[in-house]
């Protein structure tokens, strides 16, 4: 499934990488400990987290993740947004909790 | 042992000790009891660092003056990313300026039955107040902002138990951000220090992170300094003029 379909289905706000939404998503991962995400996320995953520190972009970039969804309407730091554009990692915002976002993604067939 | 012309000598410092103000610490850890135990263990310098509060620091300092133990006032602040940062300060004015910022960004009320009591005591072991804030919680302060604030207030910013997965900087952020400007990294388990970048990044310290009396001084850092003050500690961490920190 493409990112743009997910953005539409979940009503996500696009904070960075608006020109990258044709990207394919192959799976998903949820986690707030970046050490865990580094160890377990797979290439092409959509990552759901509440962390907004700039390190999330480095993690997403090295693991070649499709995009990051921030939950609870978290606002990313300026430097995080800047780095996201540089590294071509879309940042999407949801008002929902991690549990609800993951549930919806699962229903859409992202597994 | 004396080194160099500045009369620098080695002492034992345990810079991360809790008191009964921390909900997760033993109630018997009154400021006076902590200082007396530190003296018994041969520590010349201690740091009092409760979770998100510094209200037991003045009593600890007065006890320290009575017992001949130097006390540096500090706080273990939980950042928005759930990283624990120690802020150590030279004056109570700076320390309580940080406390004000922390309190403003710390939501919730403590539930003593779940998290434990948060006792403010004086130097005579009398209970002065119960802190009602949810000190075990996380502030909304982003890590870089928190470190910046501590530095603006002339304090030292140290990543607490940097090698530990829970509330350590490596676990939460995956790797050390290189532009954070930390003054030191505290290692919880010296056997795991290989996980952290030696030589290139901030220097290491080791402390007990004691939550019970018996653990005070279980681990400590050797500081070679002219006098047990924050200013001298900063020079130890920078390795200036014969001063050093050794773990």
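Throughout, read-outs are computed from the coordinates displayed, never taken from laboratory work. Because the structure is predicted, anything quoted here is derived from the model rather than measured. Cβ sites come from the backbone with ideal geometry, for glycine too, and all protein chains shown count toward neighbours.
Assorted remarks:
- Kirkwood-based shape ratio for region A:43-89, expressed as Rg/Rh from alpha carbons: 0.92
- Our helix-only sum for chain A, with -39,500 (n - 2.57) per DSSP H run of n ≥ 4 divided by its residues, gives a mean residue ellipticity at 222 nm of -10500 deg cm²/dmol.
- Fluctuation leader among B:142, B:228, B:58 - chain B, Gaussian network, Cα springs under 10 angstrom: B:142
- The Cα-based radius of gyration and maximum Cα-Cα distance (Dmax) for region B:182-239 are 12.5, 35 Å.
- Over region B:88-201, the fraction of Cα-Cα pairs per 10 Å bin, rounded to whole percents and listed from the shortest bin up, is 12, 34, 36, 16, 2.
- Mean residue ellipticity, 222 nm, helices only, chain B: the sum of -39500 (n - 2.57) across DSSP H runs of n ≥ 4, divided by residue count and rounded to 500, is -7000 deg cm²/dmol.
- Over all Cα atoms in the protein assembly as shown, the spread is summed up by Rg and Dmax: 22.4, 72 Å.
- Förster radius 56 Å - calculated FRET efficiency between residue A:108 and residue B:229, Cβ distance, rounded to 0.05: 0.40
- Convex hull of chain B built on C-alpha atoms - directionally averaged projected area, nm²: 12.3
- Length-normalised contact order for region B:97-247 - Cα pairs under 8 Å, 6+ apart - percent: 14
- Cα extents of chain A along the three principal axes, largest first (Å): 32, 28, 24
- Relative contact order (percent, whole number), region B:1-51, Cα cutoff 8 Å, 6+ residue spacing: 45
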